[in-house]
Amino acid sequence: ETGVTQTPRHLVMGMTNKKSLKCEQHLGHNAMYWYKQSAKKPLELMFVYSLEERVENNSVPSRFSPECPNSSHLFLHLHTLQPEDSALYLCASSREPGTHKDTGELFFGEGSRLTVL
Amino acid sequence: AQSVAQPEDQVNVAEGNPLTVKCTYSVSGNPYLFWYVQYPNRGLQFLLKYITGDNLVKGSYGFEAEFNKSQTSFHLKKPSALVSDSALYFCAVRDGRSSASKIIFGSGTRLSIRP
């Protein structure tokens, strides 16, 4: 149990579907992250939220839309995805970067395995 | 720009033997260095980190890593490997402690421990 919970763990969707991935952290952290992990590629940072404000958007296609309603919850809304978007999507949280509370490391959820048909 | 390299895609070790998983990095400021482990169908799990202080850092499951500034390396080590150590290992680096600094991950090294 890492304190970061992702649902669903597995998702299969067609290219015209709309679905969402959910992440919840119980660690009292103020920063949350979405990473994409594809086979034989380095982890790709997609989005970063700090104090519920988006601070990083790494040229991610608009078919991925993040939402952070509060510091404990993070969503990734998916719309008209492509088969190449199939991957493991990892959520992580941390203490607020750059502050005295910042311990450096990220805490990851178990991931949501997405398959786009 | 910061970067991190894990030169070996796979490391194979016999159970009971020492293991080393290599990592080199490049940052412009003071590096924060991390090792994570990923078991099949799971997320990444934090193992250990170097921020400052002793160059030899001890972490979970008997792992340790040595920070070598002159060689810009942060190799992961364990004196005696277990079959249960078989997993994917990621080295990561962060350039300093500012709010703008990000953690960059290496491509991962698959560690396989044979009985």
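The values are calculated or read from the model by the stated rules, or taken from the named source; none is laboratory data. Quick caveat: nothing in here was measured; it's all calculated off a predicted structure. All Cβ positions, even for glycine, are placed from backbone atoms using ideal geometry, and neighbour counts span all protein chains on display.
Points worth noting:
- Of the criteria (1) among the β-branched types (V, I, T); (2) more than 15 Å from the chain's Cα centre (by Cα); (3) within 26 Å of A:K36 (Cα to Cα), which one B:V11 fails: (2)
- For B:N17, the test of being surrounded by fewer than 17 Cβ atoms within 10 Å (Cβ to Cβ) and either aliphatic (A, V, I, L, M) or in contact (Cβ under 8 Å) with a residue 12 or more places away in the chain (or both) is passed.
- Among (1) in contact with a Phe, Trp or Tyr (Cβ under 6 Å, 6 or more places away or on another chain); (2) modelled with pLDDT under 90 - the single one B:A100 does not satisfy: (1)
- Scanning segment B:1-14 for residues that are part of a loop (DSSP other than H, G, I, E, B) and either within 18 Å of B:T109 (Cβ to Cβ) or in contact with an Asp or Glu (Cβ under 8 Å, 6 or more places away or on another chain) (or both) yields a total of 5.
- Looking across segment A:79-110 at every residue that is on the phi > 0 side of the Ramachandran plot and facing another protein chain (nearest Cβ under 7 Å), the one that is modelled with the highest pLDDT is identified as A:G104.
- Answer residue from segment B:45-79, given it is touching a Ser or Thr at 6+ places or on another chain (Cβ under 9 Å) and within 13 Å of chain A (Cβ to nearest Cβ) and is farthest from B:V13 (Cα to Cα) among those: B:I51
- Entry remark, segment B:52-66: residues being at negative phi, touching a strand residue (DSSP E or B) at 6+ places or on another chain (Cβ under 8 Å) and either exposed (fewer than 13 other Cβ atoms within 10 Å of the Cβ) or without any contact (Cβ under 8 Å) to a residue 24 or more places away in the chain (or both) number 7 in total.
- Among the candidates A:S62, A:S20, the residue that is in a strand (DSSP E or B) and either away from chain B (no Cβ under 12 Å) or crowded, with 19+ Cβ neighbours inside 10 Å (or both) is uniquely A:S20.
- Pick from segment A:36-52, criterion outside any loop (DSSP other than H, G, I, E, B) and free of Cβ contacts under 8 Å to residues at least 60 places away in the same chain, ranking: farthest from B:S101 (Cα to Cα): A:K36
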